[in-house]
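Novice: Quick one: this structure, given as structure tokens, is what I'll be asking you about.
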Amino acid sequence: MKLDREMEMLINEIPLLHHGGLLGGGADDDADLSFLIHELAAMGVVDGDDDPPPPPLPAPAADFLSFSIFNYPKKGDNHLVSSHPFSIANYCAHMPSLFDPLPFDASTAAADGWDIRCSPSPPPPSAPPAATPRPSRCKNSRKKNGGAMAAAASPKKYGGATAAAAGKPARGESLAGLRGFMCQVARDQHGCRFLQQRLDDGKREVDAIFAGVSRHAAQLMVDPFGNYLMQKLLAVCDAGQRKQLVLTLTADPFVLVRISLNVHGTRAVQKLIESLRTREEIRLVVDALRPGFLELIKDPNGNHVVQKCLQSFEADDNKAIFDAASVHCLGIGMQCHGCCVLQRCIARSRGEHREKLVAAIACNGFELAQDAYGNYVVQYVIDLKIPNANSSLAQQFEGKYIHLSMQKFSSNVVEKCLKVFKEADKANIILELLAMPHLEQLLQHPYANYVIYSALQNSKGSLHSALTNAIRPHVELLRTSPYCKRIYSRALLKK
């Protein structure tokens with residue numbers, strides 16, 4: 001049936017050629033007509049010419065950018081006249097389709113300037129196409145398939161599972177591609193975490209990261225994320241790298257001070273102080289911090305750096321801190337952070353450094369005792385029970401105990417004196433209280449009543465009897481006053 005249709009189509013074209021329907025008449029019409037006659041003769045419909053067909057013309061040169069490599073039949077080309085019986089199979093074999101894959105000639109592509117390496121390789125003939133997973137009706141299967149698809153669509157959210165299945169590919173990558181960008185990567189949250197993980201991979205990675213960030217140590221120490229990388233780098237670097245960081249940070253003395261005052265930098269500097277091993281490194285760091293000791297001690301971030309120095313270094317290495325604390329003990333002791341540093345200085349100092357510091361505090365005891373923070377420093381010194389210091393404080397407080405007892409902060413100091421001082425000094429305090437013309441004012445005072453209670457607890461003998469005898473006439477007042485409940489105690493009054 002298909003062969004009959006082909007013959008019918010060829011026969012129907014003959015009158016169109018005679019009337020110029022296809023080519024409009026001319027020399028080419030005879031050639032087209034001859035083409036059809038030869039085809040019909042091959043099929044046995046008409047008689048063909050006795051003359052053999054002319055030899056085929058040479059094929060034109062192939063052009064990679066055009067489709068001339070396909071020999072499409074053209075009207076008037078006698079070399080396409082079939083010399084064998086016409087068939088659809090033979091016709092299709094010689095007539096390529098536009099949907100067939102284009103042949104690739106490497107030599108032609110190279111001559112035209114194409115990049116052969118970028119040319120896609122044809123798929124292997126044996127590999128079947130990947131089948132698209134069909135949605136399952138089972139609820140559990142849908143959950144599993146949905147989880148896999150979500151992991152592929154969102155690698156950040158499912159990064160842990162993907163990395164575990166792939167054997168941590170990210171950590172195995174080379175750091176060479178980050179050259180010149182290591183500082184920027186360290187200041188990113190995920191980049192900083194990646195670099196911290198690479199520090200655990202060995203000395204080679206430590207050296208590579210150190211080379212990329214060492215020049216930017218001051219910037220990274222105050223960065224919200226970079227400071228964590230610097231802390232870990234200080235923990236794993238060798239002695240030479242640590243000394244190089246110390247030299248970089250101490251080249252300008254105020255650089256290390258500014259870093260210590262920063263909320264992020266203070267942690268990095270504390271880690272730096274913990275990692276120091278040689279006297280030379282300690283000296284460089286202390287000398288760099290020396291110009292800002294007073295500011296650091298009073299700062300909420302910097303005071304931790306000074307305390308870390310006191311905790312990590314020997315007393316001789318902290319001599320500069322002790323000297324600064326002795327000179328500025330009054331200003332330091334009356335500040336919320338400074339009072340803690342001052343107490344730490346006393347605890348860590350030894351020998352002449354401690355004596356000098358305690359003597360300086362005792363000389364300013366009266367002012368410090370009345371301060372909200374300084375009173376803690378005075379109480380700390382009193383608890384040390386250093387004879388010279390307590391004698392100096394007793395001399396300063398003498399004749400002023402009533403004044404000190406009626407203040408909120410200094411009343412705590414007077415109570416401490418009644419507990420720690422020698423008996424003679426305690427007697428002087430109680431006698432000064434009894435000399436008060438209106439003792440009931442002290443009994444009803446919101447702060448002085450605690451001093452009277454401490455005097456009753458820490459006195460004995462005739463001195464205690466004199467104190468209770470002075471209080472008994474005011475028993476009715478003690479029952480009604482809100483501040484006298486502790487004093488109104490039969491056990492104490494009967495002692």
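Novice: In segment 346-387, what count of residues is obtained for those that are open to solvent by 20 Å² or more (accessible area, probe 1.4 Å), in a loop (DSSP other than H, G, I, E, B) and among the hydroxyl-bearing types (Ser, Thr, Tyr)?
Specialist: Qualifying residue count, segment 346-387: 1.
Novice: A further question follows. Could you check how many residues of segment 319-345 are open to solvent by less than 30 Å² (accessible area, probe 1.4 Å) and in contact with a helix residue (DSSP H, G or I) (Cβ under 6 Å, 6 or more places away or on another chain)?
Specialist: So the answer is 13.
Novice: (1) more than 18 Å from residue 234 (Cβ to Cβ); (2) open to solvent by 10 Å² or more (accessible area, probe 1.4 Å); (3) of a type outside the set (D, E, K, R); (4) part of a helix (DSSP H, G or I): which one isn't true of residue 315, the others all being true?
Specialist: The single condition residue 315 does not satisfy is (4).
Novice: All but one of (1) closer than 21 Å to residue 318 by Cβ; (2) open to solvent by less than 70 Å² (accessible area, probe 1.4 Å) hold for residue 279; state the number of the condition that does not hold.
Specialist: Tallying (1) closer than 21 Å to residue 318 by Cβ; (2) open to solvent by less than 70 Å² (accessible area, probe 1.4 Å), residue 279 fails exactly one: (2).
Novice: Still on this model: In segment 397-419, how many residues are surrounded by fewer than 17 Cβ atoms within 10 Å (Cβ to Cβ) and assigned to a helix (DSSP H, G or I)?
Specialist: The number of residues fulfilling the criteria is 2.
Novice: Can you find, within segment 211-256, the residue that is modelled with the highest pLDDT among those that are aromatic (Phe, Trp, Tyr) and surrounded by fewer than 21 Cβ atoms within 10 Å (Cβ to Cβ)?
Specialist: 225
Novice: Taking the residues in segment 436-456 that are over 15 Å from residue 404 (Cα atoms) and free of Cβ contacts under 8 Å to residues at least 12 places away in the same chain as candidates, determine which candidate is least open to solvent (accessible area, probe 1.4 Å).
Specialist: Ranking the qualifying residues of segment 436-456, first place goes to 438.
Novice: Moving to a separate point now. When you scan segment 472-492, do you find a residue that is farther than 30 Å from residue 380 by Cβ, β-branched (Val, Ile, Thr) and in a helix (DSSP H, G or I), even just one?
Specialist: Within segment 472-492, one or more residues are farther than 30 Å from residue 380 by Cβ, β-branched (Val, Ile, Thr) and in a helix (DSSP H, G or I).
Novice: On to the next question. Name the residue, out of 427, 466, 455, that is out of contact with any Ser or Thr (no Cβ under 9 Å at 6 or more places or on another chain) and part of a helix (DSSP H, G or I).
Specialist: 455
Novice: Just to check your reading of the model, which residue among 287, 201, 207, 238 is farther than 29 Å from residue 180 by Cβ and of a type in the set (Asp, Glu)?
Specialist: The match here is 287.
Novice: Give just the number: which of (1) over 17 Å from residue 302 (Cα atoms); (2) more than 16 Å from the chain's Cα centre (by Cα); (3) not charged (D, E, K, R) does residue 229 not satisfy?
Specialist: Tallying (1) over 17 Å from residue 302 (Cα atoms); (2) more than 16 Å from the chain's Cα centre (by Cα); (3) not charged (D, E, K, R), residue 229 fails exactly one: (2).
The values are calculated or read from the model by the stated rules, or taken from the named source; none is laboratory data. As the structure is a computational prediction, the values presented were derived from the model and not from experiment. With ideal geometry, Cβ positions are generated from the backbone for all residues, glycine too; neighbour counts draw on all protein chains shown. Note: accessible area is taken over every heavy atom of the protein model, side chains too, but ligands, DNA and RNA are not part of it. Shrake-Rupley method; radii C 1.70, N 1.55, O 1.52, S 1.80 Å.
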